[in-house]
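The values are calculated or read from the model by the stated rules, or taken from the named source; none is laboratory data. Just so it is clear, the model here is predicted, and its values are computed rather than measured. As a convention, Cβ positions derive from the backbone with ideal geometry for all residues, glycine included, and neighbour counts pool all protein chains shown. Side chains are part of the model used for accessible areas, which takes the heavy atoms of the whole protein and leaves out ligands, DNA and RNA. Shrake-Rupley method; radii C 1.70, N 1.55, O 1.52, S 1.80 Å.
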Amino acid sequence: SISQHKLKLVRLAGDQKKILKASTYPIPEGLISQGKVQKVDDLAAIIKTVWKKEGIRDRSVGIIVPEFSTFMKALTLPKLQSQELDEAVRWQAREFLPIKSDNMVLDWKIIGETPEAYEVLTVAVETGVLFGFVDAVNKAGLFPLVVETPSLCLERLAEAKDKGKLAIYRSHGVVVATVISGKKILASSVVAQNSEESLLKELIQIQ
């Protein structure tokens with residue numbers, strides 16, 4: 001997990017059901033800013049040093065990128081074949097993405113359905129932002145297999161079968177608050193933690 005100030009590493013057992021070790025390392029100021037890697041080679045050197053220090057032989061990794069570097073939205077679309085559904089998702093994504101979709105990497109998954117429609121969760125990240133993280137990991141000699149956001153990880157950990165849940169991830173003065181119902185992310189917000197009182201007010205509004 002790579003954020004502006006910290007590199008968090010979690011080692012899993014072979015069956016991926018048990019955490020063997022969790023470690024946190026600082027990232028120097030200015031290396032990552034506004035959710036974007038500013039110094040790819042420097043970040044790669046840190047990751048490479050951490051791998052050596054931890055004595056990890058496995059080179060396959062999953063990357064969790066900062067929440068505010070991504071754009072997420074749930075869509076309701078008619079039931080189409082896979083290729084047609086992909087085209088429909090990308091067409092509708094143009095309406096909520098702040099920059100041209102040609103400059104974004106977009107992925108989606110079906111999170112629910114009715115007899116007439118699919119509920120689809122879309123996630124997009126600017127190409128330059130994404131490849132800043134991916135290139136740093138590659139230059140460190142690792143092989144990124146998947147890229148996720150904190151809210152997607154929270155959705156799996158706190159899956160709510162009935163009523164919605166508010167899942168909260170706190171790190172270095174920033175809070176990611178995600179409202180989850182089943183496999184659906186109903187809402188996700190990045191909240192600056194100025195004080196406990198202001199944080200509580202923000203969380204009440206999200207609920």
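Descriptive notes on the structure:
- Residues of the range 1-36 satisfying the condition of being under 14 Å from residue 56 (Cβ atoms) and assigned to a loop (DSSP other than H, G, I, E, B): 13, 14
- Residue check for residue 82: hydroxyl-bearing (Ser, Thr, Tyr), at pLDDT below 90 and surrounded by fewer than 17 Cβ atoms within 10 Å (Cβ to Cβ): yes
- You will find that of 93, 45, the residue that is on the phi < 0 side of the Ramachandran plot, in contact (Cβ under 8 Å) with a residue 60 or more places away in the chain and hydrophobic (A, V, I, L, M, F, W, C) is 45 and no other.
- Tally of residues being of a type outside the set (D, E, K, R), open to solvent by less than 70 Å² (accessible area, probe 1.4 Å), more than 14 Å from residue 48 (Cα to Cα) and under 18 Å from the mean Cα position of the chain (by Cα) across the range 3-26: 3
- In the range 27-39, the residue that is nearest to residue 132 (Cα to Cα) out of those that are open to solvent by less than 40 Å² (accessible area, probe 1.4 Å) and touching a residue at least 60 places away in the same chain (Cβ under 8 Å) is 37.
- Number of positions in the range 106-162 that are out of contact with any Phe, Trp or Tyr (no Cβ under 6 Å at 6 or more places or on another chain), at pLDDT below 90 and of a type in the set (S, T, N, Q): 4
- Count of residues meeting criterion [open to solvent by 50 Å² or more (accessible area, probe 1.4 Å), over 9 Å from residue 71 (Cβ atoms) and touching a strand residue (DSSP E or B) at 6+ places or on another chain (Cβ under 8 Å)] in the range 97-126: 10
Okay, residues lined up against (1) over 18 Å from the mean Cα position of the chain (by Cα); (2) more than 30 Å from residue 13 (Cα to Cα):
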| residue | (1), (2) |
| --- | --- |
| 37 | no, no |
| 40 | yes, no |
| 46 | yes, no |
| 50 | yes, no |
| 56 | yes, no |
| 81 | yes, yes |
| 89 | yes, yes |
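- Some residue of the range 132-141 being without any contact (Cβ under 8 Å) to a residue 40 or more places away in the chain and open to solvent by 90 Å² or more (accessible area, probe 1.4 Å): no
- Restricting the search to strands (runs of 3 or more DSSP E) fully inside the range 38-148 and requiring at least 2 residues that are touching a Ser or Thr at 6+ places or on another chain (Cβ under 9 Å) and farther than 28 Å from residue 26 by Cβ gives 70-78, 104-113, 117-126.
Per-residue answers, yes or no, for (1) in contact with a Lys or Arg (Cβ under 8 Å, 6 or more places away or on another chain); (2) over 19 Å from residue 143 (Cβ atoms):
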residue	(1), (2)
5	no, yes
23	yes, yes
29	no, yes
47	no, no
56	yes, no
62	no, no
72	no, yes
91	no, yes
111	yes, yes
